[in-house]
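Reading through the structure tokens given below for one structure.
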Amino acid sequence: MKILNAQQIHEWDQYTIQHEPVSSIDLMERAAGQCVHWLEENNLIDHSFKIFCGKGNNGGDGLAMARMLSQRARDIAVFILEFGHLGTEDFHVNLERLHQHAGVEIKFIQTDQQFPLLEKNEIIIDALFGSGLNRPLEGVTARLVEHINNSGCKIIAIDTPSGLPIDHTIEGEKIVKANHTLSFQVIKLSFLLPGNAGFIGEVHVLDIGLHPDYYYSVETSYELIDKTIIAAIYKPRNRFAHKGNFGHALLVAGSYGKMGAAILCTKACLRSGAGLTTCHTPTCGYEIMQTTVPEAMVTTDLNSSVITKIDPDSYREDLSKFDGIGIGPGIGTATETRKVLQDIFGVYKKNVVLDADALNLISADKKLLKKIPQNSILTPHPKEFERLFGETKNDFDRIQLAQQKAKELGLVIVLKGHHTCIATPGGKTYFNNTGNAGMAKGGSGDVLTGILTALVGQYNDAIKSAILGVYLHGLAGDIAAEKYSKEAMTASDIIENLGEAFMSINHQNE
């Protein structure tokens, strides 16, 4: 799903008006009707409503809803912010229509003294400002938002919570804290940022019938990963295929006391379809790996506790035979281990997946960043990202920095989070829409490294592998949460449910 900015959303409205064709007032009627329909579907129609409107088109949506609700609900009151400006034409048309319904109370707010009493059993509709807002709220408006937020009422925002910009971040400003956000047609970028979780509540995308031709033709920098994108990437297996068709993955993982990370990573790699999997560990890991993951081959370091060397002469291994290398889970941050990264980067030119301690080692020696093979995948969580590339003020700035570094270094940066962000060298950025809070546990990142390493060996495309891998990881986590709960599920459960995740994707392609 494409993620549009405020200007593009406005253009889509205008395109629909011109090419359907439909009048702007009828399009507003359609949007309001979908919002009221959502209220009916969720059994909220029998409540009393207080509807807060600005004098723009978002306020027009609120007025149209008030009129429709007056025919169904028991008690409707409308409050309009009044600062002397005229308002939009469609706002005035809907205000005139609403005046014809005597049962709706309409009041204007100019001062704090005109704020209404809000009862906790009422539902508040926020139609003050929509997606076109580009400035922070202040004065009476900001205090009204604070009044609404302190009410204890269920709050439903129309299009976007008032005060929340849709394609940039405002820190510390007054923003409506909605329980539900009814977004028209598409997800907004700001809905995907962790810092905005307290404002948007549950997001529901309502189809208001905007013209599809604009959507298909418009170019966007951001996309939300959906089934259509996954179906275009995923390749079902040819029945005549053999293990050599699915890549040989090398995992550099584990150290004394952290062999669990190597096990998780290796099992995930095998469950994600790698034709062959080799794990390189310290000597202490040999029996552990051979016992717990018999499907994998194991090579060992000369050191018993940490990884210090991968020497083709010693192990009779030519690194070029591997179709993807994953480095980091449980390897520790010993100085000797950093040398391993230098050695691999110096001779290996295919995709490398870097996670966990590999990222920590690189952050301690930033010169290594420019030695990473082009189109490799980095998978930092926010703190690891900060150590690698520096602090940022907010989520949006962090995404922009990830985009900048992905382009500058020629890497795919997978910035992990609830909606994991995948920044690509070409400038396109993808957000994931699978996964849950039950995955916020030790070992989940090791599983992702194994999945991604398996996929780069099969697809030979870092961007496609990152998109598919992150989606599968989250989908398997969602299946595990359904079975075991978010609290009880573990990283191992993600691995065990990768099969069902693959089957789900396979069925989508049938």
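The values are calculated or read from the model by the stated rules, or taken from the named source; none is laboratory data. As the structure is a prediction and not an experimental result, all values here were calculated from the model. With ideal geometry, Cβ positions are generated from the backbone for all residues, glycine too; neighbour counts draw on all protein chains shown. The protein model used for the area step is the full one, side chains on, heavy atoms only, and it has no ligands, DNA or RNA in it. Shrake-Rupley method; radii C 1.70, N 1.55, O 1.52, S 1.80 Å.
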- Message: I'd like the residue in region 239-285 that is aromatic (Phe, Trp, Tyr) and assigned to a loop (DSSP other than H, G, I, E, B) and, out of all such residues, is surrounded by the fewest Cβ atoms within 10 Å (Cβ to Cβ).
- Response: Phe240
- Subset of region 181-200 that is closer than 19 Å to Ala127 by Cβ and part of a loop (DSSP other than H, G, I, E, B) - its residue that is most open to solvent (accessible area, probe 1.4 Å): Gln185
- Task: Evaluate region 286-307: report whether one residue or more is open to solvent by 50 Å² or more (accessible area, probe 1.4 Å), among the charged types (D, E, K, R), modelled with pLDDT under 95 and part of a loop (DSSP other than H, G, I, E, B).
- Result: no
- Message: Given the options Thr292, Thr299, Thr333, Thr337, name the one that is over 28 Å from Lys441 (Cα atoms) and of a type in the set (S, T, N, Q).
- Response: Thr299
- For region 329-434, which helices (runs of 4 or more DSSP H) that fit wholly inside it have 2 or more residues that are surrounded by 20 or more Cβ atoms within 10 Å (Cβ to Cβ) and among the small types (Gly, Ala, Ser)? 395-409
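If you check Ala77 against the conditions, is it open to solvent by less than 20 Å² (accessible area, probe 1.4 Å), in a helix (DSSP H, G or I) and of a type outside the set (D, E, K, R)?
Details: open to solvent by less than 20 Å² (accessible area, probe 1.4 Å): yes; in a helix (DSSP H, G or I): no; of a type outside the set (D, E, K, R): yes.
So Ala77 does not fit the description; no.
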- Message: Looking for something more than 23 Å from Met439 (Cβ to Cβ), under 26 Å from the mean Cα position of the chain (by Cα), of a type in the set (S, T, N, Q) and modelled with pLDDT under 95 - is there at least one such residue anywhere in region 318-326?
- Response: no
- Message: Criterion first (surrounded by 21 or more Cβ atoms within 10 Å (Cβ to Cβ), in a helix (DSSP H, G or I) and under 29 Å from the mean Cα position of the chain (by Cα)) does Ala66 satisfy it?
- Response: no
- Show the residue pairs that are 6+ apart or on different chains and have beta-carbon atoms under 8 Å apart, the first residue being within region 334-345 and without any contact (Cβ under 8 Å) to a residue 60 or more places away in the chain, the second being hydrophobic (A, V, I, L, M, F, W, C) and open to solvent by 50 Å² or more (accessible area, probe 1.4 Å). Arg338/Ala364
- Just name the residue that is nearest to Gly163 (Cα to Cα) out of those in region 99-151 that are modelled with pLDDT of 95 or more and among the basic types (Lys, Arg). Arg143
- Query: Only one residue in Leu137, Leu133 is in contact with a Lys or Arg (Cβ under 6 Å, 6 or more places away or on another chain), closer than 18 Å to Gly59 by Cα and open to solvent by 10 Å² or more (accessible area, probe 1.4 Å). Which one?
  - Reply: Leu137
- Of the residues that make up region 358-380, is at least one in contact with a helix residue (DSSP H, G or I) (Cβ under 7 Å, 6 or more places away or on another chain) and modelled with pLDDT under 95? no
- Scan region 453-495 residue by residue and report those that are closer than 14 Å to Lys267 by Cβ and free of Cβ contacts under 8 Å to residues at least 40 places away in the same chain. His473, Ala476, Asp493
- Message: The conditions are (1) in contact with a helix residue (DSSP H, G or I) (Cβ under 8 Å, 6 or more places away or on another chain); (2) among the small types (Gly, Ala, Ser); (3) more than 22 Å from Ala481 (Cα to Cα); (4) crowded, with 16+ Cβ neighbours inside 10 Å, and Gly443 fails exactly one of them. Which is it?
- Response: (3)
- Message: Filter region 154-180 down to the residues that are open to solvent by 10 Å² or more (accessible area, probe 1.4 Å) and not in a loop (DSSP other than H, G, I, E, B) and list them by number.
- Response: Lys154, His180
